[in-house]
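Scroll down for the structure; my scribbles are underneath it.
The values are calculated or read from the model by the stated rules, or taken from the named source; none is laboratory data. Every value quoted in this text rests on a predicted model; they were computed, and no experiment measured them. Ideal geometry is used to build each Cβ from the backbone, glycine not excepted, and the neighbour counts take in all protein chains shown. Calculation scope for accessible area: heavy atoms of the full protein, side chains included, ligands and nucleic acids excluded. Shrake-Rupley method; radii C 1.70, N 1.55, O 1.52, S 1.80 Å.
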Amino acid sequence: MSEASGKTTVVIRVDPDRPDPEAIARAAAVIRSGGLVAFPTETVYGLGANALDAEAARGIYIAKGRDPSDPCIVHIAHLRDLERVAAVRPRAIATLAGAWWPGPLSLVLPRAPGVPDVVTAGQPTVAVRMPDHPVALALIRAAGVPIAAPSANLFTHTSPTTAEHVLADLAGRIDLLLDAGPTKVGVESTILDLTRTPPVLLRPGGIPLEWLRGLLGEVVVGGHGGTVAPGMMAKHYAPRAEVIFVSGPREQALRELEDHARRLLAAGKRIGLLLPEGELAEIEAPGTLRYSLGRADDLAEAARRLFAGLRWLEQQGAEAILARDLGEEGLGLAIRDRLTRAAGRGNGK
Ligand code: TXA
Ligand code: MG
């Protein structure tokens, strides 16, 4: 248990693959009674409330300090539940859902009348996804209601990929936390707006853009002077340290980072490097903190380790975190988006 600002946060450890039904029943009861439960998904931990209960959903915004203009993603466990939250027949999206649900893909659809304004931030649309995590699915099923859940971090802070990250931000602000260990994907879901033709990518995430294009043909990339998801403000996913994010060919980027590192060290700053394993040793800057993103050719590993790295370096007292662009292939696009925003240079409001 953990107590900070009012609520007592109960923490229950569960097996990620076969969660104890009693623990799930207890968490589901909290959701049904209007409370807040943080739970694991395959991407990041979510902060859940009953999506059909305006008062409960309001609690999410209070706990996170979240701007009310930033809508929540609604999580379902069965395709047939789509009609409870979206004004669209499940058949209409069967191909997409068949390919990636459950999975890290959120679809923006016209909203159903039962979804309160607070969940959609007053938009006529709703973002829906079916998470690929046994704990999340069991919780939604046991609660018997769709669950609205943003990432379980304080507003604009780095998303949580472990229960410890959730507690660091939200202890005492939520009722219950289901701890199932670290999440698998590490970056949030891809958000695709299906209310436009062709569909618009609002946020790159766990499902790569190439896969969407492979299935759907044309997909427009939002965010560059065009459409962004509401709430996708430039300064987002931000650790408390300054993030310096450089792009360009590998060698050039590493030399540029080395220059930054030396300059900052000379100014007496505590700095951290967030790079693929082999590259950490290539920066000559004694006394720097180093966090490995794994093998350079494994972007899934880099995505999985990204937020944990930002948080760890911040916790170690890094005043500046240095990282480089890993390209836009596959999960690279999502990693680029998160680091650009962490550096405060993202597009959007
Ligand atoms: O992987 C994820 O998506 C995680 C897990 C918990 O499911 N959730 C997550 O939620 O990342 P959050 O709140 O941190 O990001 C949700 C974003 C909002 O900031 C907004 O940009 C977009 O989803 N969104 C939600 N509803 C929308 C809508 N109706 N239209 C456009 N964008 C929407
Ligand atoms: Mg978030």
Note to self: Whether any residue in the stretch 121-134 is in contact with a strand residue (DSSP E or B) (Cβ under 6 Å, 6 or more places away or on another chain), at pLDDT 95 or above, charged (D, E, K, R) and within 16 Å of ligand 2 (Cβ to nearest atom) is what I want to check.
What the structure shows: yes
Note to self: Cβ-Cβ under 9 Å, sequence separation 6+ or interchain: first residue in the stretch 120-135 and over 13 Å from His78 (Cα atoms) and within 9 Å of ligand 1 (Cβ to nearest atom), partner in a helix (DSSP H, G or I) and open to solvent by 30 Å² or more (accessible area, probe 1.4 Å). Which pairs?
What the structure shows: Gln123/Asp117
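Would you mind stating whether Ile31 is more than 16 Å from ligand 2 (Cβ to nearest atom), β-branched (Val, Ile, Thr) and surrounded by 23 or more Cβ atoms within 10 Å (Cβ to Cβ)?
Values: more than 16 Å from ligand 2 (Cβ to nearest atom): yes; β-branched (Val, Ile, Thr): yes; surrounded by 23 or more Cβ atoms within 10 Å (Cβ to Cβ): yes.
Spelling it out, Ile31 is indeed more than 16 Å from ligand 2 (Cβ to nearest atom), β-branched (Val, Ile, Thr) and surrounded by 23 or more Cβ atoms within 10 Å (Cβ to Cβ).
Out of the stretch 270-293, which residues are part of a helix (DSSP H, G or I) and open to solvent by less than 20 Å² (accessible area, probe 1.4 Å)?
Glu279, Leu280
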Next item on the list: Hey, can you tell me all the residues within the stretch 200-223 that are assigned to a helix (DSSP H, G or I) and either among the basic types (Lys, Arg) or within 10 Å of ligand 1 (Cβ to nearest atom) (or both)?
Entry: Arg213
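Using the structure shown, decide if Ala54 is more than 23 Å from Arg305 (Cα to Cα) and either crowded, with 24+ Cβ neighbours inside 10 Å or under 17 Å from the mean Cα position of the chain (by Cα) (or both).
Numbers: more than 23 Å from Arg305 (Cα to Cα): yes; either crowded, with 24+ Cβ neighbours inside 10 Å or under 17 Å from the mean Cα position of the chain (by Cα) (or both): no.
Answer is no for this residue.
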Notebook entry, point to check: Within the group Thr227, Thr161, Thr197, which residue is open to solvent by less than 10 Å² (accessible area, probe 1.4 Å) and either modelled with pLDDT of 95 or more or in a loop (DSSP other than H, G, I, E, B) (or both)?
Noted result: Thr161
Notebook entry, point to check: Do we have any residue at all in the stretch 339-348 that's in a loop (DSSP other than H, G, I, E, B), free of Cβ contacts under 8 Å to residues at least 12 places away in the same chain and open to solvent by 10 Å² or more (accessible area, probe 1.4 Å)?
Noted result: no
Next item on the list: Report the residue count in the stretch 294-318 for those that are open to solvent by less than 20 Å² (accessible area, probe 1.4 Å) and without any contact (Cβ under 8 Å) to a residue 60 or more places away in the chain.
Entry: 3
Notebook entry, point to check: Among (1) of a type in the set (A, V, I, L, M, F, W, C); (2) touching a Leu at 6+ places or on another chain (Cβ under 8 Å); (3) over 16 Å from Ala168 (Cα atoms), where does Leu52 come up short?
Noted result: (2)
